[in-house]
Amino acid sequence: MRRIAVTTMFLAALAASCFGQQWEFGGSGGAGFLSNVNVSSPAGSATAGFETGGAFGGYFGQNLYPHWSGEIRYMYLQNDLHIQSGSTNASFNGNAQVLHYDILYHTNRKGSMMQAFVAVGGGMKVFRGTGTPEAYQPNYQFGYLTNTQQLKPMGDAGAGLRFELKPRIYMRLEFRDYITPFPEKIIAPAPGAKFGKILNDFVPMASISYEK
């Protein structure tokens, strides 16, 4: 949590450094579609990862130059944990939170009715297992779904479109890929099991924003 607080203060300071520029804030909603990783074990093979779930959050940005802007974004992701082998699926309640700073390039200048944009940045993602542990968990020979949390560094990339609905009010339709190392403490490998290393979280979302 100390690292989260330090990173938050750093990103806030970065945002404040550009406060004299035109700024924008908005709220977002969408869904997170996470990739699975392969599991190899003396007991056989399986996949481990997170279920599809809702994604909600917001962002604050500064329009730095005619084609460039920067923004800090927070998202809450509701994604349950699971390990699946054949028709047997073990699941466990879970969620995640992301905080990141992005640089955006816009194809048209600010003030245009429509803009396409690409974004790239980085930050952190906190994975949390929130279910109730049970004495017996299916697919225990591959791994364990745990009630704990783990912080991972995160890179992200995305693209989208921004439309003007009315003066100073905008809609954004965008797609993000949040990329992290697999959280091996949240879904812990069983003895002898080997998990894949990289997890992708594909998040399509829509946003409404106000610009001043």
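Read-outs throughout are calculated quantities, based only on the coordinates presented, and are distinct from any laboratory measurement. Predicted, not measured: the structure shown is a model, and the values here were computed from it. Heads up, the Cβs are rebuilt from the backbone with ideal geometry, glycines too, and the neighbour counts pull from every protein chain shown.
Worth a mention:
- Label separation (T52 vs K185): 3.1 nm, computed from points 7 Å beyond Cα along the C-beta direction.
- DSSP-defined antiparallel bridges as percent of all bridges, the chain, nearest 5: 100
- For the chain, the Kirkwood radius over C-alpha pairs fed into Stokes-Einstein at 37 °C and 0.692 mPa s yields D = 179 µm² per second.
- Computed from Cα positions, the angle between helix 2-16 and the longest principal axis of the chain comes to roughly 20 degrees.
- For the pair R168 and T88, the difference between a 0.36 nm per residue extended length and the Cα-Cα distance amounts to 23.7 nm.
- Fewest-first ordering of R168, R73, R176 by other beta carbons within 10 Å of each residue's beta carbon gives R168, R73, R176.
- Among the lysines of the chain, pairs at least eight places apart or on separate chains and with Cα atoms under 16 Å apart come to 10.
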